[in-house]
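The values are calculated or read from the model by the stated rules, or taken from the named source; none is laboratory data. Values in this document were obtained by computation on a predicted structure and should not be read as measured data. Neighbour counts run over all protein chains shown; Cβ positions are idealised from the backbone, glycine included.
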Ligand SMILES: [Zn+2]
């Protein structure tokens with residue numbers, strides 16, 4: 001019998017973002033198989049983040065502003081943030097469950113998304129958003145408790161909204177914004193800041209837009225951006241013409257171009 005104790009993390013050592021476990025393995029932000037579906041130039045610079053602060057009363061309080069562009073393409077980026085068990089276990093299962101749906105959307109095929117497809121896709125988007133935020137660590141806003149809960153139950157955390165749409169613009173990769181939010185009535189203090197993040201994924205024919213926040217005010221306001229061309233898939237709404245829990249015939253959606261994207265991610269408030 002071995003007297004060896006289980007391996008303990010050293011102080012300050014990074015652990016799995018989802019479960020706190022070790023050892024860590026490298027995880028692609030965007031799964032490697034997508035590169036076989038989407039051809040891209042590896043030299044593309046594609047990493048813009050904005051770290052800023054706003055109020056919920058639509059007045060903008062710019063406290064920090066940090067734009068950065070990194071070399072290398074984010075589609076090929078790997079991060080050392082998840083453990084072997086998560087990577088090869090539940091994360092791998094979510095990847096496999098969505099591969100054929102994602103491929104069809106990326107290639108803009110004439111398919112109809114059924115409710116079950118939408119549920120699988122939603123889980124994949126939540127997982128991928130949580131991983132991708134670690135590429136923009138300074139503007140990271142999703143609380144670690146959301147990651148831990150998602151690993152346990154695969155349920156989308158409270159106050160997330162997710163839209164998908166057809167895309168024919170020039171972007172490829174993803175774009176992350178992290179905001180600090182305060183209610184306009186409350187004096188600024190480090191203790192009354194809420195968080196908001198938006199993540200936009202550009203995967204050839206597919207655009208995904210995600211927002212999450214712990215600010216109830218922002219969550220309620222954040223409704224209008226997706227109603228014209230994007231289909232909101234989380235939370236699903238019943239009894240609506242444009243947003244539905246009914247199947248989505250993919251090619252019935254209008255196509256989003258780069259001008260629409262500018263409105264989407266540059267003029268959020
Ligand atoms: Zn883990």
Residue check for residue 169: in contact with a helix residue (DSSP H, G or I) (Cβ under 6 Å, 6 or more places away or on another chain) and either outside any strand (DSSP E or B) or surrounded by fewer than 21 Cβ atoms within 10 Å (Cβ to Cβ) (or both): yes
query: Quick one: is residue 128 closer than 17 Å to residue 155 by Cβ, crowded, with 18+ Cβ neighbours inside 10 Å and out of contact with any helix residue (DSSP H, G or I) (no Cβ under 8 Å at 6 or more places or on another chain)?
result: yes
query: Among the residues of segment 72-87, how many are within 16 Å of the ligand (Cβ to nearest atom), surrounded by fewer than 19 Cβ atoms within 10 Å (Cβ to Cβ) and either in a helix (DSSP H, G or I) or modelled with pLDDT of 95 or more (or both)?
result: 2
